[in-house]
């Protein structure tokens, strides 16, 4: 059995059966994981790997930004957009300056937002 394929299939099934809110939580999980990995790579002196993980986190942030409902949830969307811009900035600065603290600041914001989305997901499931 190819475990790599099994893992990808599991993830694909998980995403395909998830609600939109659960997918948002999964995106947060992916971004946070990438930020943690970027900080760890940087602390290990692996700048190239840190950049790879920053790029992954920024890609996920791009997905979150593009999913904002700027019509129905204009005020909330604007606030989330500002927070995502802050996180993007901290990731960029951390990458340029090789500053793990900037990654930690970005991660802290994302963890706080993720907690809120997880509560919404739990409430909508019940």
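Values quoted throughout were computed directly from the atomic coordinates according to the rules given, and no laboratory measurement underlies them. Just so it is clear, the model here is predicted, and its values are computed rather than measured. Note that we place each Cβ from the backbone using ideal geometry, even for glycine, and neighbour counts take in every protein chain shown.
Taking other C-beta atoms within 10 Å as the exposure proxy, 107, 63 rank 63, 107 from fewest upward. Every helix of 4 or more DSSP H residues in the chain counts as -39500 (n - 2.57), and over all residues that averages to -30000 deg cm²/dmol at 222 nm. What separates the Cα centres of segment 29-54 and segment 94-112 is a distance of 10 Å. Label-to-label distance for residue 33 and residue 71 is 3.4 nm, based on points extended 7 Å past Cα in the beta-carbon direction.
Sequence-distant contacts, meaning Cα pairs under 8 Å at least 6 residues apart, place the relative contact order of segment 12-92 at 24 percent. Note on the chain: the C-alpha convex hull projects to 9.0 nm² when averaged across all orientations.
Scoring 80-93, 32-45 by mean Cβ neighbours within 10 Å over their residues and listing the highest first yields 32-45, 80-93.
Label sites at residue 97 and residue 19, each approximated as a point 7 angstrom past Cα along Cα to Cβ, lie 4.0 nm apart.
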